Amino acid sequence: MFQFGFNMFHEMTRPFIMTYRCFSVSMMPGNERQDVERGGKIIMPPSALELLTRLNIEYPMIFKLTNKKTKRITHCGVLEFVADEGYVYLPHWMMANLVLEEGALIQIESVSLPVATFSKFQPLSEDFLDITNPKAVLENCLRNFSCLTTGDVIAIKYNSKVYELCVLETQPGNAVIIIECDMNVEFAPPVGYKEEDHITRGEGSSEVTGMEEDPATMMPEPDGFVAFSGEGNRLDGKKKKLISESDSEPQASNSRQPYVRGIPDYDYVIGTLRFIRNSRPVSAKEETPPEEPFQAFKGEGFTLRTSKPKN
């Protein structure tokens, strides 16, 4: 005898296809949502969540956005379901990619994408070269993205500055998921970048660094009495021999204090000031009595003759 249950066959997943009016995040009521502008996720209405749960949609939720007027397509994730009914809110850079205006209609469809293995980006400005570790910066910014689409121009923010990057290539498909994946990243030269200009700038900077002044020449000259610093004269009236410049250079350097390179404080904490004071008490041996000022003819005299004793 056979028993049939409702869980005998897996429920077929049905696609989610809806049309909404889209607005940029700046038009969303309430506080400013910078977290939406920095990523690749949108805000949808609560009714969309109810429909998605009934349709048994796979997680993570990935959607394809289509502008039917311009035939522009991109992909995104969802951040929250708190938008007004019939509205969705998109980042500004996503609306620019889809060539959408405020209040335009957009079609949203649930899709399943492959996991990313490779991606290539091209900065749209040479200022991106000023970042010391661009891969680490990009990895940190892509945490706010769910997927990438070839041809999109994404915007990332670093040090209060927005950098735009064009997605030139993604593998294994034109649209990929970047959630919990091991993805290789490459960068193409920025738009308008010229190797010759970069080389000349590098040579110019190396010349400037190579012309640094010797620290020994910046040491202060000694004050007060300096031994053997005067000039001598011959008794026979002849002129003394001229000293060559090569012989005079070390004498000039010897007249200055020797340069001693300091040791950096490896325990320094940014934002703190440390005042170093000599708290060691002065020992009795180190205490020197104050010297009396010199006074002329204040000494004692002695006679060569011995005085006869008086009877």
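The values are calculated or read from the model by the stated rules, or taken from the named source; none is laboratory data. Fair warning: this is a prediction, and the values are worked out from it, not measured in the lab. FYI the Cβ positions are ideal-geometry reconstructions off the backbone, even for glycines, and counts take in every protein chain you see. Calculation scope for accessible area: heavy atoms of the full protein, side chains included, ligands and nucleic acids excluded. Shrake-Rupley method; radii C 1.70, N 1.55, O 1.52, S 1.80 Å.
One residue stands out in region 103-115 among those that are open to solvent by less than 20 Å² (accessible area, probe 1.4 Å) and among the aliphatic types (A, V, I, L, M): the one that is nearest to Ile179 (Cα to Cα), namely Ile108. Sort out which residues of region 95-142 are at pLDDT below 90 and of a type in the set (Ser, Thr, Tyr), and write them in order of number. Across region 95-142, the qualifying residues are Ser125, Thr132. Looking across Thr132, Thr150, one residue alone is among the polar types (S, T, N, Q) and in contact (Cβ under 8 Å) with a residue 24 or more places away in the chain. It is Thr150.
Can Arg21 be described as open to solvent by 20 Å² or more (accessible area, probe 1.4 Å), at pLDDT below 90 and more than 30 Å from Leu138 (Cβ to Cβ)? Spelling it out, it is not the case that Arg21 is open to solvent by 20 Å² or more (accessible area, probe 1.4 Å), at pLDDT below 90 and more than 30 Å from Leu138 (Cβ to Cβ). Scanning region 79-101 for residues that are within 25 Å of Val167 (Cβ to Cβ) and among the charged types (D, E, K, R) yields a count of 2. Among the residues of region 90-102, is there at least one that is open to solvent by less than 10 Å² (accessible area, probe 1.4 Å), of a type in the set (S, T, N, Q), outside the structural domain of Val167 (by the TED database) and under 34 Å from the mean Cα position of the chain (by Cα)? There is no residue in region 90-102 that is open to solvent by less than 10 Å² (accessible area, probe 1.4 Å), of a type in the set (S, T, N, Q), outside the structural domain of Val167 (by the TED database) and under 34 Å from the mean Cα position of the chain (by Cα). Consider region 74-116. How many of its residues are within 26 Å of Glu50 (Cβ to Cβ) and in a strand (DSSP E or B)? Summing the residues that are within 26 Å of Glu50 (Cβ to Cβ) and in a strand (DSSP E or B) in region 74-116 gives 18.
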